[in-house]
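Please read the structure below before turning to the comments.
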Amino acid sequence: MPAAEVDVSPELVRRLLAAQHPDLAHLPIEVMANGWDNVMCRVGGELLARMPRREVAARILRHEQQWLPVLAPRLPLPIPAPVRAGQPGSGYPWPWSIVPFLPGRMAAVSPPADPRDTAVTLGRFLGALHTPAAPDAPVNAVRGIPLADRSDSFARNLRLVGEHVDRGAVMHVWEAAVAAPVWDGPPVWLHGDLYPANILVHRGRLSGVIDFGDITSGDPATDLSVGWALLPGKHHDAFRNAYASTVGEDTAGHDAAGAGGWARARGWALALGLMYLAFSADNPLLAGIGQRNLDAVLG
């Protein structure tokens with residue numbers, strides 16, 4: 001896990017609130033999560049302060065501030081669209097956000113109760129999200145791109161975890177995915193980092209999708225890889241059908257959920273699974289997600 005470049009504490013958040021959003025400064029503040037890029041601090045019962053802990057996260061936080069309020073109204077699950085923006089101050093160097101608190105636990109630690117219902121809900125969410133992106137939408141150098149462009153990182157991660165996987169089976173899936181037709185449709189909106197740690201479950205059902213720090217545009221197969229990360233294989237058809245019935249003509253007309261798109265999505269699930277395993281020495285949760293990806297893809 002990358003080291004923090006600034007120390008984010010409840011005291012710092014309170015100083016920023018007092019200076020910029022004084023009507024919130026009296027609320028209880030506590031650190032709720034400390035991730036790779038951001039620290040999440042609970043502010044009262046209904047809000048979170050999303051505080052970049054690294055400069056790279058501060059740059060992409062502006063994408064969330066600009067685009068999530070645009071996307072949120074058309075999505076069938078809640079997302080943490082910023083309700084207020086914060087500026088540098090009180091010794092803190094970067095922009096930050098106030099977002100709604102969404103109830104639930106990560107699907108990675110609290111799996112949904114009904115996998116088929118989950119497949120349908122998730123398929124409809126992605127179908128609603130995957131619309132043609134704005135001309136000035138963010139572009140990510142490693143997500144939403146042609147799968148072949150990840151060949152170098154794929155090979156590097158395979159070397160790192162090679163003794164723990166069936167290399168022959170891995171290469172068989174990868175080569176088939178790279179050989180699939182490339183996405184020839186318009187770049188569509190993507191979550192960019194959709195895996196079980198960024199999906200919330202409340203009372204047994206999907207309750208929200210969080211952490212849009214990698215929001216980007218490109219090939220929808222990147223997001224569709226979540227089918228292997230979260231769903232048993234027997235529910236993949238329900239996932240694909242729900243997606244295909246929801247996604248618009250501009251996306252569906254380019255075989256987003258057809259054989260080519262599904263092959264690419266399987267390749268993305270494999271590539272991401274290897275990446276999670278390669279970078280999870282200090283993160284058992286991430287290691288478990290990576291292993292599940294590989295088991296699902298190779299199974």
Cβ-Cβ FRET estimate between Ser9 and Ala281, R0 fixed at 22 Å, reported to 0.05: 0.25
Suppose each label sits 7 Å from its Cα in the direction of the beta carbon; what would the Leu102-Asp152 distance come out to in nanometres? 3.4 nm
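Report, to the nearest whole %, how much of the accessible area of region 152-299 belongs to carbon and sulfur atoms, 1.4 Å probe, protein only. It would help to have the intermediate numbers written out before the result.
Working: 3080 of 6030 Å².
That fraction is 51 percent.
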In nm, to one decimal, how far is the Arg54 label point from the Asp184 one, both placed 7 Å along Cα→Cβ? 3.8 nm
So with the 1.4 Å probe, I'd like the accessible area per residue for the chain, rounded to whole Å². 44 Å²
Largest to smallest principal axis extent of the C-alpha atoms in region 202-299, angstrom: 43, 32, 30
With r as the distance between the Cβ atoms of Val83 and Met171 and R0 = 45 Å, compute the FRET efficiency 1/(1 + (r/R0)^6) and round to 0.05. 0.45
Could you derive backbone 3J(HN,Hα) for region 224-229 from the dihedral phi with the Karplus parameters 6.51, -1.76 and 1.60 (θ = phi - 60°), listing whole Hz in sequence and x where the residue is Gly or Pro? 5, 4, 4, x, 7, 6
How tilted is helix 55-71 with respect to the longest principal axis of the chain? Cα atoms for both, answer in degrees (0 to 90, nearest 10). 80 degrees
Of Leu147, Leu230, Thr216, which is farthest on the positive side of the dipole of region 134-260, counting Cα position, with +1 on Lys and Arg Cβ, -1 on Asp and Glu Cβ, and the Cα centre as origin? Leu230
Nearest 10, in degrees from 0 to 90: the angle of helix 259-278 to the longest Cα principal axis of the chain is 60 degrees
Under the Karplus relation 6.51 cos²θ - 1.76 cosθ + 1.60, θ = phi - 60°, what is the ordered set of whole-Hz ³J(HN,Hα) values for region 20-28, x standing for Gly and Pro? 10, 9, x, 5, 9, 5, 7, 6, x
To the nearest µm²/s, what D does Stokes-Einstein give for region 90-157 at 37 °C and 0.692 mPa s, using the Kirkwood radius over alpha carbon pairs as Rh? 195 µm²/s
At what distance in angstrom do the alpha carbon centres of region 222-299 and region 123-192 lie from each other? 10 Å
Amide H neighbours of Val43 at under 5 Å, excluding residues fewer than 5 places away on the same chain, with H built from the backbone geometry, are Leu48, Ala49
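At a 1.4 Å probe radius, carbon and sulfur cover how many percent of the accessible area of region 1-100? Intermediate results must be reported in sequence, preceding the final value.
On the way: 2600 of 4710 Å².
C and S atoms contribute 55 percent here.
Please list Asp166, Asp193 in order of solvent-accessible area, largest first, computed with a 1.4 Å probe with all protein chains present. Write down the numbers at each step before the final one.
Working: Asp166 95, Asp193 25 Å².
So, going from the largest accessible area down, we get Asp166, Asp193.
Taking the Cβ-Cβ separation of His26 and Asp117 as r and a Förster radius of 51 Å, what is the calculated FRET efficiency to the nearest 0.05? Let's see the in-between values first.
On the way: r = 40 Å, r/R0 = 0.79.
In this case the efficiency is close to 0.80.
Can you give the Kirkwood hydrodynamic radius of the chain from its Cα pairs, in Å with one decimal? All intermediate terms of the calculation are to be shown ahead of the outcome.
Numbers: mean 1/r = 0.0506 Å⁻¹.
Radius from the Kirkwood sum: 19.8 Å.
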Please give the helix 167-179 orientation as an angle from the longest Cα principal axis of the chain, in degrees from 0 to 90, rounded to the nearest 10. 90 degrees
Asp136 versus Ser245, label points 7 Å from Cα toward the beta carbon: distance in nm? 3.8 nm
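The values are calculated or read from the model by the stated rules, or taken from the named source; none is laboratory data. The shown structure was predicted, so the numbers you read here are calculated from the model rather than taken from an experiment. Heads up, the Cβs are rebuilt from the backbone with ideal geometry, glycines too, and the neighbour counts pull from every protein chain shown. Side chains included, ligands, DNA and RNA excluded: accessible areas come from the protein's heavy atoms. Shrake-Rupley method; radii C 1.70, N 1.55, O 1.52, S 1.80 Å.
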